[in-house]
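Engineer: Quick one: the structure is below, questions incoming.
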Amino acid sequence: MNLIGMAAQLFISKLGSGGDQLHETSVVKALLNLLPTQDGELDLAALVAQFTGGGEGLASLASSWLGAGTNAELSPAQLLEVLGSERVADFASALGLDLGTSASGLAQMIPALIDSNSESGELLGGAIGNMAKGILGKLF
């Protein structure tokens, strides 16, 4: 399964019964408009970089998602700060959801997605992991 499909499924699952009316294809399209992509696929390194560029507090969150152990919680407010309220509102609108529900679902989905695609502090996939490690290394 590709990353954007995995992200869509995770997002739907994080909404619980609120995600029952969503179709994975619609969520994929909305995520492609919201999150960084490269060649039509989710760019996890760029997504991590958005959080690491948001200051030390957000960088430590991203570091916890990449490393072993418990993932630090991302709040909907932090998510809106990084991705932008207007962009998340457009995402929500495309799916027929309210901003709060969308922000909450995304705030749960992003750490889980990064965690499940990383190991020992690096994103899976060689160069992507090295790029993220380099970005995080500059902050710590």
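Engineer: Using a cut-off of 15 Å between beta-carbons, work out the net charge of the residues near A8 (Lys and Arg +1, Asp and Glu -1, A8 not included).
Structural biologist: On the way: positive: K14, K29; negative: D20, E24, E41.
Taking every other residue near A8 into account, the sum is -1.
Engineer: Additional query: Using a 10 Å cut-off on Cβ atoms, rank the peptides 26-32, 93-99 from the highest mean neighbour count down. Numbers along the way, then the final one.
Structural biologist: Details: 26-32: 18.9, 93-99: 15.9.
Highest mean packing first, the order is 26-32, 93-99.
Engineer: Along region 99-113, what does the Karplus equation 6.51 cos²θ - 1.76 cosθ + 1.60 (θ = phi - 60°) give for ³J(HN,Hα), rounded to whole Hz, x for Gly and Pro?
Structural biologist: With coefficients 6.51, -1.76 and 1.60, one gets 4, x, 5, 5, 4, 5, x, 5, 5, 8, 6, 4, x, 5, 5 Hz.
Engineer: Which net charge results when you count Lys and Arg as +1 and Asp and Glu as -1 among the other residues whose beta-carbon is under 12 Å from that of Q108?
Structural biologist: On the way: positive: K14; negative: E73, D115.
In short, -1.
Engineer: Still on this structure, please answer the following. So for the pair T37, E81, with labels modelled 7 Å out along Cα→Cβ, what separation do we get in nm?
Structural biologist: Between T37 and E81, the label points sit 2.8 nm apart.
Read-outs throughout are calculated quantities, based only on the coordinates presented, and are distinct from any laboratory measurement. Just so we're clear, the structure is a prediction, and the values are computed from it rather than from any experiment. All Cβ positions, even for glycine, are placed from backbone atoms using ideal geometry, and neighbour counts span all protein chains on display.
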